[in-house]
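Working notes, structure below.
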Amino acid sequence: MDLRFGDSKPTDEERAAVDAVLGPPDSSWEGADERSEADLRWARGGRAARERRDLLLPGLHALNDRVGWISEGGLDYVCRRLTVPPAEGYGVATFYSMFSVRPRPRTVVRVCTDLACGGAELCGEVSDRLASTSGVAVEASPCLGLCERAPAALVVRAGPMSSPAPPSSSSSAGRAEDPTGPNSARPALEDERGARSAPPAFEERGPGRSPGDSNPVAAQAVVAPATPDTITATATAPETAPAEPPAALAVPQAGHPGLILLDRIGTVDPSSLDDYRTHGGYTALRRALAIGPADVIREVTESGLVGRGGAAFPTGRKWGATAAQPDHPHYLVCNADESEPGTFKDRVIMEGDPYALIEAMTIAGYAVGAHLGYLYLRGEYPRALHRLEHAVAQARARGLLGDDVLGQGYAFDIEIRRGAGAYICGEETALFNSIEGYRGEPRAKPPFPVEKGLFGKPTAENNVETLVNVLPILTMGAEAYAAIGTEKSTGPKLFCVAGSVERPGVYELPFGATLGELLDLAGKPDNLRAVLLGGAAGGFVRPDELDIPLTFEGTRDAGTTLGSGVVLALDDTVPLPRVLLRIAEFFRDESCGQCVPCRVGTVRQEEALHRIAGRTGAAAADDIALLRDVGRAMRDASICGLGQTAWNAVESAIDRLGAYE
């Protein structure tokens with residue numbers, strides 16, 4: 001790849017895939033074969049063409065979905081269409097683990113080898129079984145967010161779509177914004193929404209064709225719990241895989257009368273807008289529109305809601321700061337890219353109660369003065385994507401999104417963007433870069449997103465759990481909501497419990513419940529060795545520390561972190577050095593490489609853990625001292641939270657559990 005476009009041409013299949021996202025090219029600037037009068041217009045309008053760069057990731061997805069990898073001709077074509085230098089396009093395509101710029105079979109089997117699944121041996125056995133099967137590749141994968149059904153695998157078969165796209169809206173929501181902002185990609189989006197909206201990814205399981213077809217349709221299938229037999233069978237015919245179990249099975253408390261955030265999961269039909277409204281849906285939005293944006297922010301502030309992604313920043317303050325910015329347009333971004341190993345709560349909400357997220361995003365957009373919201377979803381969540389696409393289409397059709405939400409004169413719409421496998425995109429500014437068509441690398445702060453976020457405009461970014469908490473705040477009132485939990489950690493909290501427990505799943509408890517109470521609900525093992533709190537970026541606690549209160553302040557006082565709510569129980573049969581090594585491998589793979597402390601430190605950390613895997617005491621002392629030096633450097637000097645927390649779990653295992661003693 002080079003800064004110049006090469007001589008490689010896209011195949012007809014690749015060209016069709018890209019055109020399905022971008023529309024047919026208007027000029028030779030965009031890849032048309034013949035020059036036309038429009039070429040001169042494009043020559044003078046190069047800036048407008050470059051502002052379409054935010055469609056680079058959808059364009060790469062289109063190529064990958066259709067043929068299974070991204071060829072030089074295909075990459076050249078999508079870059080030419082968007083006037084992106086091909087070297088930069090190459091940098092983006094090679095940034096994400098779900099893309100390949102080398103030829104590979106149309107079917108890719110991704111076997112989770114992360115903490116809850118530990119599927120390294122499973123991955124090896126499946127690779128051996130499928131070695132002689134043409135058209136199938138097997139890859140080890142980081143966490144697939146299916147920990148309650150571990151071990152898990154995801155089968156992806158590229159090909160043409162099996163059915164037409166779901167109904168798309170001609171809504172022009174967002175046109176009230178300034179269409180000429182210097183860094184805005186909105187003009188093209190608004191004018192060409194129908195042509196530019198990312199195509200539906202995959203059907204959950206399309207009708208497919210017989211396995212013998214030379215060009216079967218695209219299909220995706222989740223295999224969990226997975227065995228070598230089930231993965232092998234699904235790899236050759238994903239359209240025949242059994243349907244996934246209902247999302248409610250991931251909620252052991254489903255049906256419990258005290259639930260607030262998980263109340264509708266297992267009770268409502270996630271595909272039915274009418275059922276959602278029958279069960280209280282859109283009550284919160286009606287109240288928001290009745291009291292006005294300022295009072296919505298006041299309610300959220302007084303409720304004490306803080307971000308549930310781990311940073312615990314006050315949501316009301318973030319919304320207020322965004323709404324107060326004089327620059328326009330304002331944007332809302334929902335971070336649904338939960339990639340912390342062991343985290344799956346947002347997936348369960350999106351699969352089991354998708355309209356709740358749509359309603360909550362509408363309220364958030366109303367409060368901060370945004371007319372367009374982006375929902376950035378993990379690429380590994382096919383069912384959540386399907387459900388959300390359907391929910392957005394239904395909401396548009398019923399006047400709950402679009403130019404005149406609920407007939408109140410407020411315009412708001414939602415665009416779903418698929419991630420492509422990059423843990424770092426859970427960091428808000430890396431996510432913005434990803435949406436804008438750049439490598440998902442974090443930005444230096446300040447300026448903060450509330451001032452200059454997505455497209456350089458004021459942006460409020462919240463994750464899924466944070467947003468759905470806004471619904472009970474508005475329906476029960478800030479005072480009643482704040483009475484739940486503790487003074488500094490208010491409201492209910494979702495926890496992802498997995499590992500050595502009898503009933504893994506998503507649990508809802510008020511802040512202040514203890515770790516022991518949560519594990520009792522999930523079925524704590526008698527031979528508990530340790531609990532990993534907060535995921536790979538969190539820390540270990542001992543079995544004698546189960547009285548730690550599950551609050552932000554309680555875990556901080558105990559020298560650990562609540563993080564995003566991961567609770568991974570390990571019994572004494574789990575080899576701790578292997579767990580630590582897997583965590584180190586994860587951070588080595590997921591470091592974006594932008595800053596030296598993280599890029600080098602995560603490699604040195606993994607090397608040291610390899611060396612001491614079978615050592616203890618004095619034999620490990622030198623490497624443990626090295627680990628401490630490297631860990632301090634990463635924590636003090638890394639740009640973002642990935643490097644700053646990459647040493648947390650290893651440090652806590654050494655200091656708290658006595659690993660390597």
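The values are calculated or read from the model by the stated rules, or taken from the named source; none is laboratory data. All values derive from a computational prediction rather than experimental measurement. Virtual Cβ from ideal backbone geometry, glycine too; neighbours counted across all protein chains shown. With ligands, DNA and RNA removed, areas are computed over all heavy atoms of the protein, side chains included. Shrake-Rupley method; radii C 1.70, N 1.55, O 1.52, S 1.80 Å.
Per-residue answers, yes or no, for (1) touching a residue at least 40 places away in the same chain (Cβ under 8 Å); (2) part of a helix (DSSP H, G or I); (3) under 30 Å from G643 (Cα atoms); (4) assigned by the TED database to the domain that holds A356:
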{"site": "A395", "(1), (2), (3), (4)": "yes, yes, no, yes"}
{"site": "D403", "(1), (2), (3), (4)": "yes, no, no, yes"}
{"site": "G407", "(1), (2), (3), (4)": "no, no, no, yes"}
{"site": "A411", "(1), (2), (3), (4)": "yes, no, no, yes"}
Exercise. Would you check if A311 is assigned to a loop (DSSP other than H, G, I, E, B) and surrounded by fewer than 23 Cβ atoms within 10 Å (Cβ to Cβ)?
Key: yes
Quiz item: Among the residues of segment 284-291, is there at least one that is surrounded by fewer than 23 Cβ atoms within 10 Å (Cβ to Cβ) and either part of a loop (DSSP other than H, G, I, E, B) or without any contact (Cβ under 8 Å) to a residue 12 or more places away in the chain (or both)?
Solution: yes
Practice problem: Name the one entry in E203, E139 that is at pLDDT 80 or above and under 30 Å from G505 (Cβ atoms). | Solution: E139
Practice problem: For segment 78-122, name all the residues that are over 29 Å from G342 (Cα atoms) and open to solvent by less than 10 Å² (accessible area, probe 1.4 Å). | Solution: V78, C79, R81, L82, V84, P86, G89
Quiz item: If only one of F344, F412 is farther than 23 Å from L249 by Cβ and crowded, with 24+ Cβ neighbours inside 10 Å, which one is it?
Solution: F412
Quiz item: Which members of segment 427-446 meet the condition of being over 17 Å from L332 (Cβ atoms) and either in contact (Cβ under 8 Å) with a residue 24 or more places away in the chain or out of contact with any helix residue (DSSP H, G or I) (no Cβ under 9 Å at 6 or more places or on another chain) (or both)?
Solution: E427, A430, G437, Y438, R439, G440, E441, P442, A444, P446
Quiz item: Restricting to helices (runs of 4 or more DSSP H) lying wholly in segment 41-132: which have 2 or more residues that are at pLDDT 95 or above?
Solution: 56-67, 72-82, 86-93, 120-129
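Matching residues to (1) in contact with a strand residue (DSSP E or B) (Cβ under 7 Å, 6 or more places away or on another chain); (2) open to solvent by 40 Å² or more (accessible area, probe 1.4 Å); (3) in contact (Cβ under 8 Å) with a residue 40 or more places away in the chain:
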residue	(1), (2), (3)
G565	yes, no, yes
L568	yes, no, yes
D589	no, yes, yes
L609	no, no, yes
T616	no, yes, yes
A637	no, yes, yes
L642	no, no, yes
N648	yes, no, yes
S652	yes, no, yes
Exercise. Please work out if A294 is assigned to a helix (DSSP H, G or I), under 16 Å from N462 (Cβ atoms) and at pLDDT 95 or above.
Key: no
Quiz item: How many residues, within segment 541-551, are open to solvent by 20 Å² or more (accessible area, probe 1.4 Å) and touching a Leu at 6+ places or on another chain (Cβ under 7 Å)?
Solution: 3
Practice problem: Can you tell me which residue within segment 460-483, out of those that are outside any helix (DSSP H, G or I) and touching a residue at least 40 places away in the same chain (Cβ under 8 Å), is nearest to V368 (Cα to Cα)? | Solution: A460
Exercise. Give the residue, chosen from T466, T486, T475, that is under 21 Å from I358 (Cβ atoms) and open to solvent by 10 Å² or more (accessible area, probe 1.4 Å).
Key: T475
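Okay, residues lined up against (1) among the small types (G, A, S); (2) assigned by the TED database to the domain that holds R378; (3) buried (at least 24 other Cβ atoms within 10 Å of the Cβ); (4) touching a strand residue (DSSP E or B) at 6+ places or on another chain (Cβ under 9 Å):
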residue	(1), (2), (3), (4)
G426	yes, yes, yes, yes
G440	yes, yes, yes, no
F448	no, yes, no, no
G453	yes, yes, yes, yes
G456	yes, yes, no, no
